[in-house]
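Remarks on the structure that follows.
The values are calculated or read from the model by the stated rules, or taken from the named source; none is laboratory data. All of these numbers come straight from a predicted model, not from anything done at the bench. Note that each Cβ is placed from the backbone with ideal geometry, even for glycine, and that neighbours are counted across all protein chains shown. Ligands, DNA and RNA are stripped out before the accessible areas are found, and what is left, the full protein with its side chains, is counted by its heavy atoms. Shrake-Rupley method; radii C 1.70, N 1.55, O 1.52, S 1.80 Å.
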Amino acid sequence: MNILVTGGAGFIGSHTLIELYKAGHSAVVVDNLCNSSQESLRRVAAIVGIEHIPFCQVDIRDRDGLSHVFDAHHFDACIHFAGLKAVGESVEKPWEYYDNNISGTLVLLDVMRQHGCKNIIFSSSATAYGNPQQIPITEQCPKGQCSNPYGWTKSMLEQVMSDMQKADPDWNVVLLRYFNPIGAHPSGLIGEDPNGIPNNLMPYITQVAVGKRPQLGVFGNDYDTPDGTGVRDYIHVVDLARGHVAALKKIGQGSGLSVYNLGTGHGYSVLEVVHAFERVNGVSVPYVIKPRRAGDIATCYSDPSKALDELGWRAQYGIEDMCRDSWNWQRNNPDGYR
Ligand code: NAD
Ligand code: WQD
């Protein structure tokens with residue numbers, strides 16, 4: 001299939017491109033590079049052994065720009081990664097998040113249907129469950145109250161796409177709820193390249209390990225968890241990328257509306273991740289306990305069995321692989337793509 005990959009220069013998009021090409025698909029990337037670099041696409045091309053990845057520097061809110069892309073290519077489906085994703089920033093700049101993520105996706109969906117492309121895989125998030133009613137979280141678990149505008153954009157866009165699919169059954173919509181993606185391609189050539197101070201745990205750990213930051217702050221050790229620190233379902237980004245390829249197979253069969261958790265089903269605490277990282281990589285990660293971070297929950301991990309039953313997909317990599325590959329990327333690229 002020929003796939004439009006919005007946000008394809010970013011962390012998850014770049015890893016997904018590799019798995020798409022490996023599975024025999026082709027892709028065109030649309031990205032405005034607001035949180036990424038074209039260098040990631042050059043490296044993806046080197047990994048898959050092609051001259052270049054077709055790329056259009058377009059903002060998904062730019063209807064004319066997007067229409068030109070669709071005029072120039074035939075797409076069988078879109079994998080829609082483009083969006084802003086920093087939770088804290090979304091609290092400071094809610095309008096910018098609703099505009100970018102929601103207006104952008106509304107324009108994309110409209111241009112898609114005008115061009116007769118009604119197959120979409122959407123990057124949603126476990127954040128849509130809010131403070132989950134049950135652990136492990138199944139897709140049956142009701143969506144909850146999000147603690148920030150970023151989360152609401154995901155929850156609202158799920159609703160938009162579900163309603164569109166209900167009104168027009170020609171649409172095939174796959175909502176993928178990611179848990180906590182970390183790790184990097186085993187080549188060490190591509191990985192996560194956050195701007196400024198990392199918000200998420202793993203990039204913070206790798207920047208401490210490489211000497212860019214003095215110590216990790218652990219946000220709270222008084223949660224109701226085995227060691228008091230927050231528990232999450234970390235998933236290797238290569239596994240996550242393969243989940244999209246599996247979802248494409250499903251979409252090709254005319255799947256209607258479907259939603260899947262992409263996680264491993266295992267929860268690790270902050271301190272378990274820190275100690276696994278130190279053990280696997282032989283480096284030290286000094287840390288200090290800090291107060292809880294606003295909006296955090298104690299425990300969040302998936303039941304990923306629906307994706308196994310219906311997509312034949314399950315995560316292959318463990319926490320040691322994730323720690324090793326995150327460090328391999330950071331050590332080889334201390335300044336990311338710069
Ligand atoms: P990322 O920031 O690395 O990638 C997003 C890409 O979208 C970037 O390359 C950015 O330049 C591009 N982009 C943003 N707004 C755009 C616009 N208006 N027009 C065109 N391009 C635009 O983030 P990621 O970690 O790769 O996440 C990909 C998707 O997965 C996002 O939608 C994110 O919300 C979602 N997601 C991420 C996580 C996570 O922890 N990384 C978890 C759950 C869901
Ligand atoms: C993980 C654990 C922190 C940083 C976020 C978004 C979610 C999704 C994935 C996009 C928590 C602790 C973290 C640090 C710490 N993204 N921590 N010190 O919060 O589970 O999920 O990313 O959709 O929507 O909310 O991920 O990596 O920020 O935190 O102690 O410096 O690590 O408190 O327990 P989170 P995270």
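Which residues, taken from segment 138-169, are away from ligand 2 (no atom under 16 Å from the Cβ) and free of Cβ contacts under 8 Å to residues at least 40 places away in the same chain?
Once the filter is applied, which keeps residues that are away from ligand 2 (no atom under 16 Å from the Cβ) and free of Cβ contacts under 8 Å to residues at least 40 places away in the same chain, segment 138-169 yields 140, 142, 159, 163, 167.
State yes or no: is residue 241 closer than 27 Å to residue 296 by Cβ and either away from ligand 1 (no atom under 16 Å from the Cβ) or in a helix (DSSP H, G or I) (or both)?
yes
Can you report the number of residues in segment 59-83 which are within 29 Å of residue 126 (Cβ to Cβ) and open to solvent by less than 40 Å² (accessible area, probe 1.4 Å)?
11
Could you grab the pairs with beta carbons closer than 6 Å, sequence gap of 6+ or different chains, first residue in segment 186-214 and farther than 13 Å from residue 285 by Cβ and open to solvent by 40 Å² or more (accessible area, probe 1.4 Å), second one part of a loop (DSSP other than H, G, I, E, B) and of a type in the set (Asp, Glu)?
Here the result reads none, with nothing in segment 186-214 linked to a residue that is part of a loop (DSSP other than H, G, I, E, B) and of a type in the set (Asp, Glu).
Checking the structure you have, find out if any residue of segment 280-298 is of a type in the set (Phe, Trp, Tyr) and closer than 30 Å to residue 141 by Cα.
No, there is no match, as no residue in segment 280-298 is of a type in the set (Phe, Trp, Tyr) and closer than 30 Å to residue 141 by Cα.
Does any residue of segment 207-220 turn out to be within 12 Å of ligand 1 (Cβ to nearest atom), of a type in the set (S, T, N, Q) and touching a strand residue (DSSP E or B) at 6+ places or on another chain (Cβ under 9 Å)?
No - not one qualifying residue is present in segment 207-220.
List the residue pairs whose Cβ atoms are under 7 Å apart, where the first residue sits in segment 295-308 and is within 23 Å of residue 86 (Cβ to Cβ), the second is acidic (Asp, Glu), and the two are 6 or more positions apart or on different chains.
298/224; 300/233; 301/233; 302/233
Give 145, 165, 140, 134 a once-over and let me know the one that is closer than 21 Å to residue 89 by Cβ and either surrounded by fewer than 15 Cβ atoms within 10 Å (Cβ to Cβ) or away from ligand 1 (no atom under 15 Å from the Cβ) (or both).
From the options 145, 165, 140, 134, the qualifying one is 145.
Can you list residue pairs whose Cβ atoms sit under 7 Å apart, with the first residue in segment 172-183 being farther than 17 Å from residue 301 by Cα and assigned to a strand (DSSP E or B) and the second being acidic (Asp, Glu) and open to solvent by less than 10 Å² (accessible area, probe 1.4 Å)? Count only pairs 6 or more apart in sequence or on different chains.
Filtered contacts from segment 172-183: 175/158.
Looking only at helices (runs of 4 or more DSSP H) that lie completely in segment 23-135, which have at least 1 residues being of a type in the set (Lys, Arg) and away from ligand 2 (no atom under 16 Å from the Cβ)?
Here the list reads 39-48, 63-72, 104-114.
Restricting attention to segment 33-58, and to residues there that are over 20 Å from residue 115 (Cβ atoms) and of a type in the set (S, T, N, Q), which single residue is least open to solvent (accessible area, probe 1.4 Å)?
Restricting to residues being over 20 Å from residue 115 (Cβ atoms) and of a type in the set (S, T, N, Q), the top hit is 40.
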